[in-house]
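Where a number appears in this text, it was derived from the coordinates with a stated rule and is not lab data. The model shown is predicted, which means the values in this text are computed figures rather than measured ones. Note that we place each Cβ from the backbone using ideal geometry, even for glycine, and neighbour counts take in every protein chain shown.
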Amino acid sequence: GSPYSYFRYECHMAALNGVAVYQRVAAEFAGLFGRQWDAVENYRADGAEIVFYMIGSFATKAKEAVDRLRDAGQKVGLLRPRLVRPFPAEPIAELLTGKQGVIVIDQNLSMGQGGVLHTELTASLYGKTNAPGVITSFIGGLGGRDISAEEFYEMVAVTRKAIATGNTPAPRLLYTDDELREIRKLQAIAMVEREETSPQTQQTNQATGQETSRE
């Protein structure tokens, strides 16, 4: 009834207010220990044209890719949210203002929808002025799979092409040619087993066996 609806609404408002509480506690923490721990980690994103956006331990590899790309003259940075719920929408929108493109790397896959971070980010930026014109989505690191430096570079190349053409590609799963060949082998084996165990195949085998016995 209505009491439950009110309770759920209060939970929602508490989550929204949680970002401000976190920022206040983070400021107190910085004052005591000298370490800044904001809701969103900003790694060389100031002045960047394209920004990686991801969470988790693979962000460490993204930092290495950012350093190499910066050394090569490319204006690339990284934003790493430390919160998902509550979602730090305002700090993220502010940090992404004026960026040309965002590369969202999800280590998850919501079946039928895509990466969770990509969904959250695009929803939070909807209708915002000066929001990035291109937001590309990549799925990687599932099941502990590594994300190589070359894949980070490829994601930047894909995003730059999207910025130049105005055509944002569909979400992409990261994989190598060797991995694709292995998947094709497994698919072929699965198809053979499926055909052997299908009802139609079993009926055909039974009919063939009967005809053979009559001969």
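Starting from the eigenvalues of the Cα gyration tensor, five times each then square-rooted, give me the equivalent ellipsoid semi-axes of the stretch 62-114, largest first, whole Å. Working shown, then result.
Values: eigenvalues 107, 51, 24 Å².
Sorted largest first and rounded, they come to 23, 16, 11 Å.
For the pairs LYS63/LYS128; LYS75/LYS99; LYS99/LYS161; LYS75/LYS161, flag any whose C-alpha to C-alpha distance is greater than 19 Å.
Details: LYS63/LYS128 27 Å; LYS75/LYS99 10 Å; LYS99/LYS161 15 Å; LYS75/LYS161 15 Å.
Those over the limit are LYS63/LYS128.
Report the far tail of the P(r) of the chain, meaning the percent of Cα-Cα pairs longer than 25 Å.
Details: 12126 of 23005 pairs.
Everything past 25 Å amounts to 53 percent.
Once the dipole of the chain is set up with Lys and Arg at +1 and Asp and Glu at -1 on Cβ about the Cα centre, which of PHE52, HIS12, ALA170 lies farthest towards its positive end?
Of the candidates, HIS12 comes out farthest on the positive side.
Can you order the peptides 156-162, 68-74, 84-90 by their average number of other Cβ atoms within 10 Å per residue, highest first?
Numbers: 156-162: 17.9, 68-74: 12.4, 84-90: 15.3.
Listed from highest to lowest mean packing, they are 156-162, 84-90, 68-74.
If amide H atoms are built 1.01 Å from N in the plane of the peptide, which residues on other chains or at least 5 residues away come under 5 Å of the amide H of VAL51?
GLY77, GLY101, VAL102, ILE103
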